[in-house]
Each structure stands twice: as structure tokens, then as C-alpha cells.
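K.L.:
I have a structure here, written as C-alpha cells, and I will follow up with some questions on it.
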Amino acid sequence: MDNDDGRRVLDPAQDGAALKALTHPLRLTLLGLLRQHGPATASELAVRTGESSASTSYHLRVLAKYAFVTEAAHRDGRERRWKSVHDMTSWSNEAMRRSPGGSTILSVLHRRQVEHLQRSLDRHEADLESGRLGQEWQEPSGVSDSMPRLTPESLAELWEVLQAKSDELTARDAGNPRAEQVVLFTAGLPLAPDPVAGTGPVADHDHADAPAGPDATGAAGPDAAAAGDAS
């Protein structure tokens with residue numbers, strides 16, 4: 001199902017094959033690159049990913065088969081150009097876990113997003129070190145974690161608030177020449193009580209007063225954006 005906000009909502013009961021197609025790491029990377037940088041050819045994407053043109057061309061055709069990408073306007077008649085059909089792909093976690101094989105697919109997609117987080121962190125640090133990002137980005141950027149005690153309803157509300165605020169600020173900064181693409185990962189992962197008393201993870205914050213924040217594109221929330229090396 002397609003939404004007016006550029007989001008495709010997948011139904012595991014009807015879109016199981018499409019969801020499984022997304023679990024391939026190169027396909028997720030290609031989709032993310034098209035969403036971030038816009039239309040490209042298989043050859044251009046091969047250069048970005050270090051894969052062969054034959055490989056990127058094949059996986060783009062698979063993405064097209066499941067309506068994640070489509071042909072874009074050609075600059076010339078020599079090679080097909082591709083573009084992403086949607087800005088984001090999402091699903092119901094509950095429906096995924098009810099569907100045959102859904103839990104496995106969900107786990108793979110979450111881990112692909114964690115891999116994307118690592119690549120994004122590596123690039124972010126390199127961009128700051130090289131000066132490609134200005135010093136004004138150092139303080140507001142970072143990774144933070146916290147462990148509030150919430151009900152399922154409060155966690156669902158938190159997702160809605162985060163999405164609404166992100167949409168609001170994105171609209172506000174549209175067209176602002178100072179705006180840069182920001183990789184924003186969000187995760188809400190409830191944990192059962194630790195069976196060993198007095199043990200548990202210790203939060204380590206980039207910012208001591210930062211709220212729970214950066215996955216997910218993703219990263220384990222109900223709305224996961226398939227993203228590639230720079231999402």
C-alpha cells in the first residue's frame with residue numbers, strides 16, 4: 001500500500017516476496033543510494049558500491065520487479081537510469097511476526113540497518129575530520145542511548161512524536177542552503193527483566209543530557225527506511 005507521504009507500507013501476508021527481496025544487502029544499499037542521491041545507472045551504482053555492473057543491474061531488476069524502483073528519465077539512450085519509487089518502506093512488526101518466516105526477515109532487516117549505522121558513523125567521522133562538514137555540526141551530532149521505563153502505549157506514542165517532529169523540522173529546513181542530509185536512526189527495544197540481579201547494560205552517551213536517539217533507516221522501529229551507504 002502506498003501512502004501520500006511517499007511511504008510504502010508492506011503487508012507480510014501479501015508482500016512476503018517483496019520483503020524477502022529486501023533482505024539482500026546489495027539491494028538495500030542500491031535502494032538507499034537511489035533514495036539519497038537520486039536517479040542513477042547500474043554502472044554509476046557499480047562504481048559507488050564496488051560491485052560489477054552486471055551485479056547491480058541484476059539486483060536493480062529484482063527491486064523493479066517488486067516495485068521498489070522504476071525507470072527514470074534517461075540522459076541519453078545508452079543506459080537505463082533507475083529511481084526509487086518511495087522515500088520510505090515500512091511495515092507492522094506485529095503482522096511480520098505473525099507471518100511465516102516474518103520474524104527471520106525482520107531480524108535480517110534490523111541487522112542490515114545496524115550495519116548501515118556503522119557505515120554512516122564511519123562516513124560522518126571522516127567528513128568531520130576532512131572538513132567536508134563544518135565545525136558547527138560537531139556539537140549537535142552524535143549517538144545517544146537511554147533506558148526509560150515505558151508502557152507499550154507510551155513507546156508507540158514516542159514513535160509518533162519523533163516522526164511528527166522530524167517531519168516538522170524537515171519541512172522547516174527545506175530549501176535552506178545550510179541544511180545537510182542527516183542520518184537519523186531511532187530504536188525502541190523493550191527488554192525483559194535481567195535474570196541475573198544487578199546486571200544490565202550501562203548507557204554511554206556522547207551528550208550526557210541527550211534524549212534517547214540514534215538505528216534506521218532504522219533502527220528497529222515500525223517505520224524502517226531501507227538505506228544505503230550514506231542514507
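K.L.:
Please work out how much length the chain gains when fully extended from Glu136 to Arg149, using 0.36 nm per residue of separation minus the C-alpha to C-alpha distance, in nm with one decimal.
P.N.:
Contour length minus Cα-Cα distance gives 1.3 nm.
K.L.:
Compute the signed sum of charges (Lys and Arg +1, Asp and Glu -1) over the other residues within less than 15 Å, Cβ to Cβ, of Val62.
P.N.:
+2
K.L.:
Ok, one more. Tell me the trypsin sites (Lys or Arg not before Pro) within the stretch 1-102 that lie in a loop according to DSSP and have at most 12 other beta-carbon atoms within 10 Å.
P.N.:
Arg75, Arg78
K.L.:
So with the 1.4 Å probe, I'd like the accessible area per residue for the stretch 43-187, rounded to whole Å².
P.N.:
Details: 9820 Å² over 145 residues.
For the stretch 43-187, the per-residue accessible area is 68 Å².
K.L.:
Next question. Return the ratio Rg/(2.2 N^0.38 Å) for the stretch 1-89, where Rg is computed over Cα atoms only.
P.N.:
Expressed relative to 2.2 N^0.38 Å, the Cα Rg reads 1.06.
K.L.:
In whole percent, how big is the carbon plus sulfur part of the accessible area of the stretch 71-156, probe 1.4 Å, protein atoms only?
P.N.:
51
K.L.:
Test of understanding: extend the Cα→C-beta vector of Leu189 to 7 Å, then name every residue of the stretch 134-169 with backbone N under 14 Å from that spot.
P.N.:
144-148, by backbone N distance to the label point.
The values are calculated or read from the model by the stated rules, or taken from the named source; none is laboratory data. On a predicted model such as this, the values are computed, not experimentally measured, just so you know. In this analysis, Cβ positions are derived from the backbone assuming ideal geometry, glycine residues included, and neighbour counts consider all displayed protein chains. Protein only, heavy atoms only, side chains kept; ligands, DNA and RNA dropped before computing areas. Shrake-Rupley method; radii C 1.70, N 1.55, O 1.52, S 1.80 Å.
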